[in-house]
Structure formats: structure tokens, C-alpha cells
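Trainee: Input: one structure, supplied below.
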Amino acid sequence: MIAYAGTVKIETDRLILRKLDHEDAQSIFDHWLSDERVTDNRVSAAHKSVTETAERVVKIINGHDKKDFCYWGIELKTTEELIGEIDLYDFDNTTGNCEVSYSLGYRWWNKGYGTEALRAVVDFGFSHMNVLKISAAHNTDNPASGKIMSKVGMRQEGTIRDMIYNSKNQYKDCAVWGILRDDYLKNDL
Ligand SMILES: CC(C)(COP(=O)(O)OP(=O)(O)OC[C@H]1O[C@@H](n2cnc3c(N)ncnc32)[C@H](O)[C@@H]1OP(=O)(O)O)[C@@H](O)C(=O)NCCC(=O)NCCS
């Protein structure tokens with residue numbers, strides 16, 4: 001049985017994973033949701049105005065009231081900037097499975113932050129929520145995402161053709177990855 005705990009604050013060496021505030025909308029817009037270099041790797045289109053982002057933030061803040069809502073803003077400890085987001089979602093109470101997704105602002109790519117945040121959330125899911133499997137998918141033309149999945153111990157389980165139809169009217173093949181709680185705990189990853 002999944003032990004829902006809501007969006008609990010998580011601290012890593014360089015990051016704080018935390019709930020969002022209304023004041024975060026501008027940073028989210030500026031740092032990643034208005035930037036096509038980031039959003040081209042997501043399903044939804046880049047935001048054109050901060051109002052759009054603020055509406056999304058309201059939905060997320062309302063979600064924070066629910067125990068089965070796990071959405072973290074990723075804050076850099078040194079500068080206190082909000083640099084990205086990561087969430088666990090699509091919880092299935094029958095199988096104990098869920099999905100993970102994440103995005104970081106372009107300025108902060110390739111500094112190990114994605115791996116650090118994903119590792120912390122995978123650990124949280126298995127060690128504190130009793131999730132049995134965590135899965136994720138990335139466009140095959142976005143290998144950096146697969147790289148961080150591999151670095152936290154996830155395994156590629158296959159490729160699904162035309163899995164996504166994105167906001168630019170393109171079909172994308174996706175690599176699907178997963179990690180089992182048993183393997184995670186056994187391997188002490
Ligand atoms: C995917 C993402 C979160 C990775 O975050 P990050 O902080 O840059 O990741 P890290 O720095 O921890 O690791 C990135 C790894 O990918 C590697 N990498 C980067 N670009 C690559 C490329 N084109 N091909 C192969 N590997 C690549 C880096 O070398 C690094 O591996 P290394 O540490 O072994 O050198 C970030 O790129 C991002 O937000 N992308 C846009 C949104 C997105 O793709 N979300 C996921 C949707 S599934």
C-alpha cells in the first residue's frame with residue numbers, strides 16, 4: 001500500500017525540494033516554462049505569458065492540500081533560485097507503481113542537479129512512500145534525460161514508437177524506463 005505523505009520537503013547536498021508559492025510563478029516562467037529549449041522535451045507548449053504560468057501554479061498549490069500530490073520545486077541552496085521542478089504522479093494503488101517527471105532551467109543543465117533531484121525523489125518514493133516501481137519516459141531525441149535515469153539505477157525497458165504527439169504537431173518515439181523498489185533497496189543505489 002502506498003503511504004502518501006504529500007509534498008514533504010527534501011534536502012540534498014546542493015538542493016532543496018519544496019512546495020511552490022504563488023511568488024514562484026515569475027521564476028518558473030523565466031527559468032523553464034517559457035523556454036523552448038526546455039519545453040521541446042515536454043508534451044505541453046512553452047508558456048507565452050506569466051499569467052499562464054501563474055494559473056498552473058495555482059493548480060499546483062491547490063494540489064498541495066492532497067496527500068497523494070507530490071510536486072516539488074527545485075531550489076538551489078547557494079542562490080535560493082528556483083531552478084526546476086520534479087514530481088511523482090499517476091499513482092496506482094493496485095500495483096504500487098507511479099511515474100516521475102522533471103525539468104530544469106537551461107542555465108542549470110549539465111551540472112548534476114537533475115541527477116541529484118531525481119535520486120532524492122526516487123529514494124523518497126521507495127524509502128518513505130512504499131512505492132513499488134517508478135517509471136518514466138523520455139523522447140528518444142532527448143538522451144540527457146535517459147542519462148540521469150540510468151545514473152539513478154533505472155533500466156530502459158523498451159521504446160514506444162509515436163508515444164507522444166507534441167504541441168509542435170510532431171510524433172515522438174519515447175524510451176521507457178523503470179526501477180523496482182526491491183532492486184533499489186538490494187543494490188543500495
Ligand atoms: C533532462 C534534464 C532534467 C537533465 O538535467 P541535468 O541537471 O542537466 O542532468 P545532469 O547534469 O545531472 O546529467 C546530465 C547527463 O546527461 C549527459 N548529456 C547531456 N546532453 C547529452 C546528450 N545530448 N547526449 C547524451 N548525454 C548527454 C551529461 O553529460 C550528463 O551525464 P554525465 O554526468 O555522465 O556527464 C534537463 O536536461 C532538462 O530539464 N531538460 C529539459 C526538460 C526535460 O527533458 N525533461 C525530462 C522529460 S522526460
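Trainee: Only residues that are of a type in the set (Ser, Thr, Tyr), open to solvent by 50 Å² or more (accessible area, probe 1.4 Å) and in contact (Cβ under 8 Å) with a residue 12 or more places away in the chain: list them for region 88-126, please. Give the steps one after another, and end with the answer.
Mentor: Kept after step one, since they are of a type in the set (Ser, Thr, Tyr), are these residues of region 88-126: 89, 94-95, 101-103, 106, 113, 115.
Pick out the ones that are also open to solvent by 50 Å² or more (accessible area, probe 1.4 Å) and you get 89, 94-95, 102, 106.
Those that are of a type in the set (Ser, Thr, Tyr), open to solvent by 50 Å² or more (accessible area, probe 1.4 Å) and in contact (Cβ under 8 Å) with a residue 12 or more places away in the chain: 89, 95, 102, 106.
Trainee: If I filter region 8-19 down to residues being of a type outside the set (Lys, Arg) and closer than 12 Å to residue 83 by Cα, which single residue comes out as nearest to the chain's Cα centre (by Cα)? Before you say what the answer is, go through the steps one by one.
Mentor: Within region 8-19, the subset of a type outside the set (Lys, Arg) is 8, 10-13, 15-17.
Remaining after also requiring closer than 12 Å to residue 83 by Cα: 15-17.
On the way: 15: 14, 16: 14, 17: 11 Å.
Once the filter is applied, the top-ranked residue is 17.
Trainee: Yes or no: region 147-169 includes at least one residue that is under 13 Å from the mean Cα position of the chain (by Cα) and within 15 Å of the ligand (Cβ to nearest atom). Let's see the steps before the verdict.
Mentor: Taking region 147-169 first, the residues under 13 Å from the mean Cα position of the chain (by Cα) are 148-149.
The next check asks that each one be within 15 Å of the ligand (Cβ to nearest atom); those that pass are 148-149.
The answer is yes, given that some residue of region 147-169 is under 13 Å from the mean Cα position of the chain (by Cα) and within 15 Å of the ligand (Cβ to nearest atom).
Trainee: Residue under question is residue 73, and the condition is that it be open to solvent by less than 30 Å² (accessible area, probe 1.4 Å) and within 14 Å of the ligand (Cβ to nearest atom); does it hold?
Mentor: Spelling it out, residue 73 is indeed open to solvent by less than 30 Å² (accessible area, probe 1.4 Å) and within 14 Å of the ligand (Cβ to nearest atom).
Trainee: Tally time: how many residues in region 37-55 are within 25 Å of residue 136 (Cβ to Cβ) and surrounded by fewer than 14 Cβ atoms within 10 Å (Cβ to Cβ)?
Mentor: Total meeting the criteria: 3.
Trainee: I'd like the full set of residues that are within 17 Å of residue 14 (Cα to Cα), touching a Gly at 6+ places or on another chain (Cβ under 8 Å) and more than 6 Å from the ligand (Cβ to nearest atom), limited to region 97-107.
Mentor: Hit for region 97-107 is 105, nothing else.
Trainee: Can you name the condition, by its number, that residue 67 falls short on among (1) within 16 Å of residue 11 (Cα to Cα); (2) in contact (Cβ under 8 Å) with a residue 12 or more places away in the chain; (3) loosely packed, with under 14 Cβ neighbours inside 10 Å?
Mentor: (1)
The values are calculated or read from the model by the stated rules, or taken from the named source; none is laboratory data. Owing to the predicted nature of the structure, the values given are computational and were not obtained by experimental measurement. Cβ: placed from backbone, ideal geometry, glycine included. Neighbour counts: every protein chain shown. Accessible surface areas use protein heavy atoms only, side chains included; no ligands, DNA or RNA. Shrake-Rupley method; radii C 1.70, N 1.55, O 1.52, S 1.80 Å.
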